[in-house]
């Protein structure tokens, strides 16, 4: 059994209960910034709408994790853009537009479905769907199919606020040295080492504990 499958099974069946083990720097988390922590406890998930593991996190695990987070924590999401070509930039932009329109919960799942398709090599394997989404019009079609009015899409996408958000994500991607997704950064200082996580309960407890650290 591969480590990825074993982890998925453990996460799927583990109860959301307190984790007794002590969290250790370098094992469970890494300090990625020597700067000040955010004033408000903050967790930011960096992910990609092209990523199958991110899709699994979004659809299966976050609905179990979020209810266990302290109510003071601000949970945010940002999109990585390693290729920085036209379509990858447009896809990242689509997340920012969703967030500005307040429809992210409605459109993220259809976007995952549009960008990731089953692989022919075996059940459960996925790859990027390079044919279905090629440009902004294709992205708008996904929004429309999800019941979202796209009349103001271009205006929002070109707004100063959205452009600033996209630039912030790119700078944070570099600052925190995001090399895989999904990645969780807590208080702009701590990166959770997902390879050390054994259960959803442990992950939730680690998030809550790191959120108290400055």
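Rule-based calculations on the coordinates, nothing more; no lab input. Keep in mind the model is a prediction, meaning the values are calculated, not measured. Cβ placement follows ideal geometry from the backbone for every residue including glycine, while neighbour counts extend to all protein chains displayed.
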Just want the ordering: 87, 178, from fewest to most Cβ atoms lying within 10 Å of their own Cβ. 87, 178
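Give me the number: length gained by fully extending residue 179 to residue 69, i.e. 0.36 nm times residue separation minus the C-alpha to C-alpha distance, one decimal in nm. Mind showing how you got there, number by number?
Working: separation 110, 0.36 × 110 = 39.60 nm, distance 2.51 nm.
Full-extension gain reported as 37.1 nm.
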For 101, 207, which order do you get if you count the other beta carbons within 10 Å of each Cβ and list the fewest first? 101, 207
What order do you get for 169-176, 35-42, 93-100 when each peptide is scored by the mean count of other beta carbon atoms within 10 Å, highest first? 93-100, 169-176, 35-42
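Ranked by Cβ crowding within 10 angstrom, fewest neighbours first, how are 25, 45 ordered? Could you put the intermediate results ahead of the total?
On the way: 25 11, 45 20.
In increasing order of surrounding Cβ atoms, one gets 25, 45.
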